[in-house]
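Data block below; observations after.
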Amino acid sequence: MPGAGCPGRALSGTMQSEGAPSPGGRTPRESLVVLLVFGVPAAVIVAAGLVGVLRRVSDVRAQQADAMRAVIGLKTVGWRLWLEERHNDVQGLHADADLLLQLREWVQTPSDGARVALKARLRLLRQTMQCADILLIDQQGRPLIHAADGPVVPNEKLPGLATLAVTQMQTVHGDVFASTTSAGPATAFLDMLVPLPGEVLSGVPVLVMRFDAGRSIERLMHSWQGSSGEARFTMFRADADTVHALQATRRDGSAVELSLVPLARSSHWLAAAARGDQGARSLVEGTDSSGEAMLGLAAELPESGWMLGVSVASGAVYASTWGDAAWIALADLFALVLAGGAARAVLQHRELRSERRERAEQEEKLRALGLLDAIANGTSDAVYAKDRQGRYIYLNRFACLMLKRPLEDLLGRDDFALFAHEPAALMVETDRQVLATGQPQSREDQLKVDGELHSYHTVKAPLRGPDGSVIGVFGISRDITDLKRSQARLDRLAHYDELTGLPNRSLVGLRLEHALEHSRRAKSRTAILSIDIDGFKTINDSLGHPAGDEMLCVLAQRLRARLREEDTLGRLGGDEFLVVIEGLSEPGEAAVVARDVLQAVARPVPLSNGSEAYVTASIGISVYPDDGCANAMEMLRDADAALYRAKEEGRNGFCFYTRDLNTDAKAKLELEAALSHALERDEFVLHYQPQVDARTGRMAGVEALLRWNRRGAGMVSPGQFIPLAERSGLIVAIGNWVIEAACRQIRTWLDAGVKPPRVAVNVSARQFAEGDLDVVLRGAMRRHRVPAALIEVELTESMLVHDPDKTEILLSRLKALGIRLSLDDFGTGYSSLGYLQRFPIDTLKIDQSFIRRIGTQPDGGALADAVIALAHRLNLRVIAEGVETPQQHQHLLDQGCDEIQGYLFGKPMPAPDLLERLAGGACSISGNVGTDDMHAAGPAAATAIAV
Ligand SMILES: Nc1nc2c(ncn2[C@@H]2O[C@@H]3COP(=O)(O)O[C@H]4[C@@H](O)[C@H](n5cnc6c(=O)[nH]c(N)nc65)O[C@@H]4COP(=O)(O)O[C@H]3[C@H]2O)c(=O)[nH]1
């Protein structure tokens, strides 16, 4: 926490020292890798280069040796040819008759003349055969006469050769020999000895043809220009100490001079060849006479007594090899340089990478520290660290703000120095657990800050040093006061009704479970009262929801005030309340409470708009264990069943649950299931009840009343199934069917030539709310070609008040069709006179309950009278329904009521029965005025009045 000078720095130092690697250090493993990757290939390259060079040298030597052997072979062939030619030259000499004759003459008469003649002959022969000399020798090899001038060049091998030739009696030749005169140049000769017939020439047995071998030798020693430079040839001969080489020199363009050169045995290549160290015809190395390094190869020159050697300068032979070697070496060097460079680059790269990594790590750490600092100070949690002794070593900015002290004041202090003893002890205890277990701990604390109690959620974890040992405690504390408040609010919302503040369904359910549990143990009674406000919907619809809500709140307060503290009062939703009463000793105590509740509800409720609302309540009671319920759910179900019964029994009362109620509920469910199939099974039928002119008794119209002929069960009263159909939504389809059926019936009457009465159809609230009543009516009227004047729609007050604007539009659309509108049950709801003026109503229908009062109570007709007067004041027609007695009829007639409907004039009846009435043209009051067996005839049904 550098900015604040907080001990965040101390933490930074700790983090930096953690396990940093040696900077730029190359590990032995890295060096080994580099050595393996680059050293080994480099060594292989160099070795391969070396082997290449050596192989090249070896190849060159082998090639050179082959070439030299081939050249020597060629030279040898040349030499053999020359020898063969010489043999051919001397062939036949031993049979040369002229020569033999002259020889014989000379042998027999060794006169000068004979000698001269023989010598001339030999000279001629020498010329012809191009010999260097021709000798006649005796058996000891001593020359007797010769053809050339000058002294005879001695050949020490002649005696031996002469013996051989004579013994074998065939031509033989000796080795090439050189004249060894020290003064002039030497000449090489070859003596070919031809034995002469002995009986002829005893004493002169051999003719020696001496050939000059110089030319041939000179040809042998002609140098050869090969690919590896000039090949030089040498004839040589070795004795014990010296090697004599024959050098051929052409002097004057024709004669070849030879010289014998003694060579040192040591370094001259010929000496090595002569020694045969590496075998005959093997390549030898040495120097030549001038000291130049030479490669040579020597082979015996056949039948000459000499060796023939060929040599080339080593430099010329290896020149290309050295060139290749130089290239290879260069390539090797290049490869080595490359390998070295690559190795260096790799090493540098690795070093660079490692440096970069270290730098990145360092930066990362710095960033992390910065982040830590930013996080610790950026959060609205208190972040802190303490040493093992509980002294603060770090606090973030928020922690300082929370404690309202500068950092310097806080560092080094412990919790006892900063907080009250009790919370401090708890904090220290948590620290102790963290230090002892090395495990994080969390807890919630409450601390007084600025005189206000705050809730904190704290997580504490061990603070570890670089070696992993626990050196203190690290903590984060979050102010969760608001969260706690929200939680409490959510809790309230989850368990309490927002409007009345009473426990809601879930909390009441829980309390009921608890109460039952307690009752089970204490063997006491628990009762529940399911309360429904009668007429609440009407209040809501007529006065608006705010008024409804206001009334609910007032009722909730009243009920709460009537109950004991330990009783639970809850609102389950809408106008449903539930009371749970514990510890009853007998069920009758529940009835006392119920009566109290009824009284409380029945009192007028003053509303803020100045008006007063009058409502009653219906209550269903279930008592544990008397009703045999096992749990809360069953109790609620039974109390509901009792509530329905209470409502059925006329409201503003209570009803205890009995087992029969459950049977009723089941029957209702079955009824509902059967109702859903009634339309498709065509089980509905319309009955018609006459509405007659009060004065004339003529039938002015009929009310279409729905009947359900339930399969297997007979006729079901609309009072039973209409509410069910309303609840399930089936009423919309059923209502449409009624309209269709009524129109169809009118058409039937029309087609039958009967003047049909006006038919009033009942419309349900849901059907009206669909908003398409005009479309449905128009469709039906069009399909059956029914004049709109024959249709009347009966609405109830509550339908109109729900959404007046929408109602106004729909009613005007109906009026536009030409349909009459009648307001049913008028006076029972919260009748608003304003609506009567606003909506295009034609007729008011006085509710049966008002009619029933006539004649039974003093001034019982007052309400009916008022409705009649009001209707007429508003120019509306008025019709009274449920008229059963002539007194009622008379009273209504006296008051000016326009039309009458009731058993007195006819019960609802099937269409064929009505047809008879229609045919009769008037509605008479008779003993049996209807065929509808749905309702029992009233007391006046037996009276017959003819109108
Ligand atoms: N005690 C007695 N009762 C008389 C007398 N004259 C007529 N009533 C009965 O009073 C009810 C008049 O119908 P409501 O007020 O529209 O009351 C109707 C109406 O609200 C509803 N309802 C009947 N048919 C339909 C229908 O097609 N559609 C809708 N939505 N509701 C219908 O069912 C209610 C009951 O119908 P119902 O059982 O047919 O009962 C009829 C009728 O039979 C009388 O002199 N004495």
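The values are calculated or read from the model by the stated rules, or taken from the named source; none is laboratory data. Just so we're clear, the structure is a prediction, and the values are computed from it rather than from any experiment. Cβ sites come from the backbone with ideal geometry, for glycine too, and all protein chains shown count toward neighbours. Protein only, heavy atoms only, side chains kept; ligands, DNA and RNA dropped before computing areas. Shrake-Rupley method; radii C 1.70, N 1.55, O 1.52, S 1.80 Å.
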So, with a 1.4 angstrom probe, what is the percent of accessible area on the chain that is carbon and sulfur? 54 percent
How much area per residue is accessible in the chain when the probe is 1.4 Å and only protein heavy atoms are counted (Å²)? 49 Å²
The FRET efficiency for Ala869 and Ala788, from their Cβ-Cβ distance with R0 = 22 Å and rounded to 0.05, is 0.15
With both bridge residues required to lie in the chain, what share of the DSSP beta bridges run antiparallel, to the nearest 5%? 80 percent
Farthest toward the dipole's positive end in the chain, which of Gln720, Gly818, Gln557, given Cβ charges of +1 (Lys, Arg) and -1 (Asp, Glu) about the Cα centre? Gly818
Apply 1/(1 + (r/R0)^6) to the Cβ-Cβ distance of Cys553 and Glu517, taking R0 = 35 Å, and write down the FRET efficiency to the nearest 0.05. 0.65
Indicate the gyration tensor shape class of the stretch 743-888 (rounded, prolate or oblate), computed on the Cα atoms with a ≥ b ≥ c the square roots of the eigenvalues: a/c under 1.5 is rounded; otherwise a/b larger than b/c is prolate and the rest oblate. oblate
Search the structure for amide H atoms under 5 Å from the amide H of Gly226, placed 1.01 Å from N in the peptide plane, and list their residues when 5 or more places away or on another chain. Ala231
Which ³J(HN,Hα) values in Hz, rounded to whole numbers, follow from the phi angles of the stretch 57-69 under the Karplus curve 6.51 cos²θ - 1.76 cosθ + 1.60, where θ = phi - 60° and Gly and Pro get x? 4, 5, 4, 4, 4, 5, 4, 4, 4, 4, 4, 5, 4
Please list, in order along the stretch 632-643, the HN-Hα scalar couplings obtained from phi with the Karplus expression 6.51 cos²θ - 1.76 cosθ + 1.60 (θ = phi - 60°), rounded to whole Hz, x for Gly and Pro. 5, 4, 5, 4, 4, 4, 5, 5, 5, 4, 5, 4
So for the stretch 675-942, using the alpha carbon gyration tensor with a ≥ b ≥ c as root eigenvalues (a/c under 1.5 gives rounded; past that, a/b versus b/c decides prolate or oblate), I'd call it rounded
5 Å is the cut-off here: which amide hydrogens, built 1.01 Å from N in the peptide plane, fall below it relative to Tyr496, excluding neighbours closer than 5 in sequence? Asn504
Starting from the Cα of Leu32, step 7 Å along the direction of its Cβ; do the same at Lys484; then give the gap between the two resulting points in nm. 6.4 nm
To the nearest 20 debye, what charge dipole does the chain have about its Cα centre, counting +1 at the Cβ of each Lys and Arg and -1 at the Cβ of each Asp and Glu? 1480 debye
Looking at the square roots a ≥ b ≥ c of the eigenvalues of the Cα gyration tensor of the stretch 568-691, which shape do they give, rounded for a/c under 1.5, prolate if a/b is larger than b/c, or oblate? oblate
Pairwise centroid distance, computed over Cα atoms, of the stretch 419-483 with the stretch 762-785, Å: 73 Å
For Ser524 and Leu679, what is the calculated FRET efficiency with R₀ set at 41 Å and r taken between the beta-carbons, to the nearest 0.05? 0.20
What distance in nm separates the simple spin-label points at Thr109 and Ala862, each placed 7 Å from Cα in the Cβ direction? 22.1 nm
Full extension from Glu808 to Thr696: what is 0.36 nm times the residue separation minus their Cα-Cα distance, to one decimal in nm? 36.9 nm
Quick one: net charge around Ala788, please, counting Lys, Arg +1 and Asp, Glu -1 for every other residue with C-beta under 9 Å from its C-beta. +2
Amide H of Met235: which non-local residues (sequence gap of 5 or more, or other chain) have their own amide H closer than 5 Å, using H built in the peptide plane? Leu246, Gly309
Are there trypsin sites (Lys or Arg not before Pro) in the stretch 688-744 that DSSP puts in a loop and that have at most 15 other Cβ atoms within 10 Å, and which ones? Arg695, Arg698, Arg711
For the stretch 723-752 and the stretch 553-575, what is the centre-to-centre distance using only Cα atoms, to the nearest Å? 44 Å
Full extension from Glu84 to Ala360: what is 0.36 nm times the residue separation minus their Cα-Cα distance, to one decimal in nm? 89.7 nm
In the stretch 497-537, the GluC sites (Glu not before Pro) that sit in a DSSP loop and have at most 15 other Cβ atoms within 10 Å of their own Cβ are Glu498
Pairwise label distance in nanometres, Leu817 with Glu770, each label 7 Å out on the Cα-Cβ vector: 1.1 nm
Can you flag which of Lys460/Lys484; Lys386/Lys484; Lys815/Lys845; Lys755/Lys907; Lys845/Lys907; Lys537/Lys845 are past 23 Å Cα-Cα? Lys386/Lys484
Potential lengthening between Tyr614 and Glu740 on full extension [0.36 nm per residue; Cα-Cα distance subtracted]: 41.4 nm
Nearest-5 percent of antiparallel DSSP beta bridges in the stretch 675-942? 40 percent
Find, among the trypsin sites (Lys or Arg not before Pro) in the stretch 545-645, those assigned to loop by DSSP (not H, G, I, E, B) with at most 11 other beta-carbon atoms within 10 angstrom. Arg564
Quickly estimate the mean residue ellipticity at 222 nm for the chain, helices only: each DSSP H run with n ≥ 4 gives -39500 (n - 2.57), and the total goes over all residues, rounded to 500. -15000 deg cm²/dmol
